[in-house]
1. With respect to residue 272, determine if the residue is over 20 Å from the mean Cα position of the chain (by Cα), surrounded by 20 or more Cβ atoms within 10 Å (Cβ to Cβ) and at pLDDT 95 or above.
2. Please work out which one of (1) in a loop (DSSP other than H, G, I, E, B); (2) within 14 Å of the ligand (Cβ to nearest atom); (3) more than 24 Å from residue 333 (Cα to Cα) is the condition residue 175 fails and give its number.
3. Name the residues in segment 99-145 that are at positive phi and without any contact (Cβ under 8 Å) to a residue 40 or more places away in the chain, would you?
4. Taking the stated definitions as given, is residue 235 open to solvent by 20 Å² or more (accessible area, probe 1.4 Å), within 15 Å of residue 46 (Cβ to Cβ) and either in contact (Cβ under 8 Å) with a residue 60 or more places away in the chain or not acidic (Asp, Glu) (or both)?
5. Please indicate, with yes or no, whether at least one residue in segment 283-294 is away from the ligand (no atom under 16 Å from the Cβ), under 17 Å from residue 331 (Cα atoms) and touching a strand residue (DSSP E or B) at 6+ places or on another chain (Cβ under 9 Å).
6. Would it be correct to say that residue 293 is over 30 Å from residue 150 (Cα atoms), in the same structural domain as residue 62 (by TED's automatic domain parsing), open to solvent by 60 Å² or more (accessible area, probe 1.4 Å) and touching a residue at least 12 places away in the same chain (Cβ under 8 Å)?
7. Hey, does segment 300-316 have a residue that's in contact with a Pro (Cβ under 9 Å, 6 or more places away or on another chain), assigned by TED's automatic domain parsing to the domain that holds residue 69, at pLDDT 95 or above and buried (at least 22 other Cβ atoms within 10 Å of the Cβ)?
8. If we scan segment 91-100, do we find a residue that is open to solvent by less than 50 Å² (accessible area, probe 1.4 Å), of a type in the set (Ser, Thr, Tyr) and closer than 16 Å to residue 288 by Cβ?
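The values are calculated or read from the model by the stated rules, or taken from the named source; none is laboratory data. All values reported here derive from a predicted model rather than from experimental measurement. Using ideal geometry, Cβ is built from the backbone for each residue, glycine included, and neighbour counts are taken over all protein chains shown. To get the accessible areas, we keep the full protein, side chains included, count just its heavy atoms, and leave off ligands, DNA and RNA. Shrake-Rupley method; radii C 1.70, N 1.55, O 1.52, S 1.80 Å.
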Amino acid sequence: MKNKLILVVMILSIVASGLIFAGGAQETAKEDENLRLVLLVKSLGNGFFEAVADGGQEAAKELGNVESIYQGPSASTAEGQIEIIETLIAQKVDGIAISANDRDALIPVTKKAMKAGIKIISFDSGISSGGRIIDLAPSDAELIGRQQIQLIAELTDYTGKVGVVSATSQATNQNEWISWMKEEIKKPEYSKMELVEVVYGDDASDKSYREAVGLMNKYPDLAGIISPTTIGILAAAKAIEDEGKKGQVQLTGLGLPSEMQQYIINGTCQQMALWNPVDLGYTSTYILKALVEGEVEGKPGDVIDCGRMGQVVVGEDGMSIMGTPFVFNAENIATYAAIF
Ligand code: RAM
């Protein structure tokens, strides 16, 4: 029995060394290659994610041995992302940072990718635990959600009906933020306010515009719109102006300063919040690189050096949180619009 075992081990190791030998040329070639780290976003054609891609390029330049690849489906669907991940598995990329269109639907395919040795993190819009190693949130979800209500309350004098123009109905990030908005508005200071409806523009400009118009038609006395998506807030600003509701319907949300500057200055949207998407892409790329090179496993307590962003600490359940959102208004918008 023992002899047999030794024989099996010997045969296996000969086969294994044969494989290594056969793969030798390829291995050497691969060593010369850069790490291929992908930023897989909700959908293409979104200025927010284009800024994320800029951050990936910046990190790649600093790290030297990294190629930052930007990918996304044409529409914000989980199916589109699953298809891309399947292709990336076949291409044997080294790591993928995903802004997820669905926190659960992606898990089978991301698990398959991790089994194939690809490091997976989520950023911006998370994947549930089990489907990624780390989830990098731009800021605390509770803080973001509560702040959105505070911002619209200041604009509507704490009175009246408020509607939300969100992204897709499955988006992890917007859904978390909206659940915190619903908590915040229960406080006594908002007793004269009502969150009447959440509509979904799917992070598509035309649908977001139509949904914003629909809200204003359905609630003629609407006092405010919160749109916690950069695509949605831009479409809502245009819809408010086109409907002649400027000054009557207040607007806040999460907007890209470069896209919203004119509406901040002309008063259609007097204040809104966001974080720096460039930093998000930059940090995600540093985290992926540390995971791929085995510097960290992504366990709670792990500390990851992220260049100019300093150190990122991995929290419970792989959660990492970056900072507090900026609030933009007519006074500071020009400064930020020049950056993102
Ligand atoms: C859109 C996307 C993104 C979100 C921003 C605020 O660009 O939905 O996921 O973080 O808005």
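1. The answer is no for residue 272.
2. Among (1) in a loop (DSSP other than H, G, I, E, B); (2) within 14 Å of the ligand (Cβ to nearest atom); (3) more than 24 Å from residue 333 (Cα to Cα), residue 175 violates only (1).
3. Listed by number, the residues that qualify are 117, 130.
4. no
5. There is no residue in segment 283-294 that is away from the ligand (no atom under 16 Å from the Cβ), under 17 Å from residue 331 (Cα atoms) and touching a strand residue (DSSP E or B) at 6+ places or on another chain (Cβ under 9 Å).
6. Judged against the criteria, residue 293 is a match.
7. yes
8. Yes; the residues of segment 91-100 include at least one that is open to solvent by less than 50 Å² (accessible area, probe 1.4 Å), of a type in the set (Ser, Thr, Tyr) and closer than 16 Å to residue 288 by Cβ.
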